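Notes follow the structure.
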Amino acid sequence: MAAPSAATRRKLQRKFKLRGFTLKVDALEEAAAFLARFPDAEDDALDLLLDELDKEPLQSSILDRDAVRRVVALLVEADEAVDAASPAATSARSALRVVDSFVVPRFHYDPIKKVFYEHTSRLAIHGEAGDKAALYRDRYQVLLQRLARDIYFSKPAFDTVMTEDDNCEITSIQSLIGCTGRRWIMGVISQLEERQFYLEDLTGAVNTCGFPPLEDREASLSMLMGLDFFGGGVIPTEETVRLSTLEKKAMNDMFVILSDVWLDNYEKTMEKLGVVLDGYDSLEAVPSLFVLMGNFCSRPCNLAFNSFEELRLKEHSRFLFIPGPDDAGPSKALPRCALPKYLTEELQKHIPNAIFVSNPCRVKFYTQEIVFFRQDLLYRMRRSCLIPPTTEETSDPFEHLVATITHQSHLCPLPLTVQPIIWSYDHCLRLYPTPHTIVLGDKSDQKAFKYTGITCFNPGSFANDSTFAAYRPCTKEVELSALES
């Protein structure tokens, strides 16, 4: 066996030390040999090894070869057993999990214990006054705990000589009384008086504002101790390693996303949709998923889908239908429930693999987390803008939009008077931890933008511009497409 590289040695020693372990030379070589089995998922494999070592009844924190080998043997045996399982268990279809907004778990943050705990009681659609206050309090607590870990806003562990400009520790507004010099506070924008905006926290308000810094996804996950914020269930670490390897091999898997699709207008949408479906049906590897985002229809979909019966897509692809802002439903408040059954019964007969879900909705593909949201958000956000975005870094409105929602960890940070939200389900619109990919179905021009490792794109309006997008989860590449006029 080749000796581990210096970089691998340093990584192993650092990670084991963080867990309270010290590695002997032979133990380090055993751990390195285990990582070599997973060249595309070394970090996940290392975390799995450490998790299993934590469960072992070890006599000492100084690990020798036997202690590490015992755990490695168990993990290798489990991995080989999974590889011998039925291939159907690892198909693209079984790897795809759709999460409706109304089943996403809700968590509250305890600022005293500094942990999240799950809300276990029933959530009401028609909340009480306290639910509205909890909406803003929970948003605030999620951002504040994230900000407190940022190196620029956290208190140094040891006393050091710091200038006033260096010290950015967050202070509550109540604590500003009697203070001099510059202080940093965290709050939400509120309008306490006509034409006067304030930054308000849980203790008071001042008139200044700014965005909290963004936190890396892995840093957020490390603090959540396995809690399922995304929905779809917690995946064991060993299963994550396996799925991560399969995800990298799924080169042919593709999602096709169309937004602003009018299913009850043949001339504007249905004829063009047929062209798109025929084009992808002719490919050797058909797309795994078609995502269609409304506005779909205002009456039952008695559509001519006869030609669909002859397509291979019917058997090999799934179709995800996400309602738009003008579709039928109980209200305009977010999240919006799936299309009513009376509108979709006929459509379901022609497309057995159709899935009708909420807006927004979430999809987990192997280990990748993807959020879909159909809303004409760019126009509404610009209309509600209090301070014009700076053009120092970019003048692109879509890039400003992406920065806004990711820094605020929320899909729709508009006032409730502009966009109503079901108070008890505001957590369904959170972007915390940040997902791998965010799809914003908007009527504005199609656009793709990578921001701090997050893939964000707008497929454009299919009804108006004949635009759509293809997304390859394996590489996180976006292909912006359009039908020829």
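Details
- The number of residues in the range 227-249 being open to solvent by less than 50 Å² (accessible area, probe 1.4 Å) and not β-branched (Val, Ile, Thr) comes to 11.
- Here residue 399 passes the criteria (1) open to solvent by 30 Å² or more (accessible area, probe 1.4 Å); (2) without any contact (Cβ under 8 Å) to a residue 40 or more places away in the chain except the one numbered (2).
- Residue in the range 17-24 that is exposed (fewer than 14 other Cβ atoms within 10 Å of the Cβ) and in a loop (DSSP other than H, G, I, E, B) present: yes
- Residue within the range 409-430 that is on the phi > 0 side of the Ramachandran plot and β-branched (Val, Ile, Thr) present: no
- Some residue of the range 435-443 being open to solvent by 40 Å² or more (accessible area, probe 1.4 Å), in the same structural domain as residue 371 (by the TED database), without any contact (Cβ under 8 Å) to a residue 40 or more places away in the chain and part of a loop (DSSP other than H, G, I, E, B): no
- Restricting the range 356-384 to residues that are in contact (Cβ under 8 Å) with a residue 40 or more places away in the chain and polar (S, T, N, Q), the residue that is most open to solvent (accessible area, probe 1.4 Å): 367
- Pair list, Cβ under 7 Å, 6 or more apart: the range 233-247 residue of a type in the set (Asp, Glu), other residue open to solvent by 40 Å² or more (accessible area, probe 1.4 Å): 238/78
- Any hit, the range 288-301, residues being at pLDDT below 90, assigned by the TED database to the domain that holds residue 457, open to solvent by 40 Å² or more (accessible area, probe 1.4 Å) and in a helix (DSSP H, G or I): no
- Selection of the range 458-480 for residues being in a strand (DSSP E or B) and out of contact with any helix residue (DSSP H, G or I) (no Cβ under 9 Å at 6 or more places or on another chain) yields 467, 469, 471, 472, 477, 478, 479, 480.
- The listed residue being buried (at least 16 other Cβ atoms within 10 Å of the Cβ), farther than 26 Å from residue 145 by Cα and touching a Pro at 6+ places or on another chain (Cβ under 9 Å), out of 481, 466: 481
- Only a single criterion out of (1) out of contact with any Asp or Glu (no Cβ under 6 Å at 6 or more places or on another chain); (2) modelled with pLDDT of 85 or more; (3) in a loop (DSSP other than H, G, I, E, B) is not satisfied by residue 208, namely (2).
- Restricting 175, 91 to residues that are over 29 Å from residue 335 (Cβ atoms), open to solvent by 30 Å² or more (accessible area, probe 1.4 Å), at pLDDT below 80 and under 23 Å from the mean Cα position of the chain (by Cα) narrows the list to 91.
- Checking the stated criteria, residue 123 turns out to be of a type in the set (A, V, I, L, M, F, W, C), farther than 22 Å from residue 372 by Cα and in contact (Cβ under 8 Å) with a residue 40 or more places away in the chain.
- When 117, 136 are checked against the criterion of being closer than 17 Å to residue 227 by Cα and open to solvent by 40 Å² or more (accessible area, probe 1.4 Å), a single residue qualifies: 117.
- Summed over the range 59-76, the residues that are open to solvent by less than 50 Å² (accessible area, probe 1.4 Å) and in a loop (DSSP other than H, G, I, E, B) give a count of 0.
The values are calculated or read from the model by the stated rules, or taken from the named source; none is laboratory data. All values derive from a computational prediction rather than experimental measurement. We place every Cβ from the backbone using ideal geometry, glycine too, and count neighbours over all the protein chains shown. To get the accessible areas, we keep the full protein, side chains included, count just its heavy atoms, and leave off ligands, DNA and RNA. Shrake-Rupley method; radii C 1.70, N 1.55, O 1.52, S 1.80 Å.
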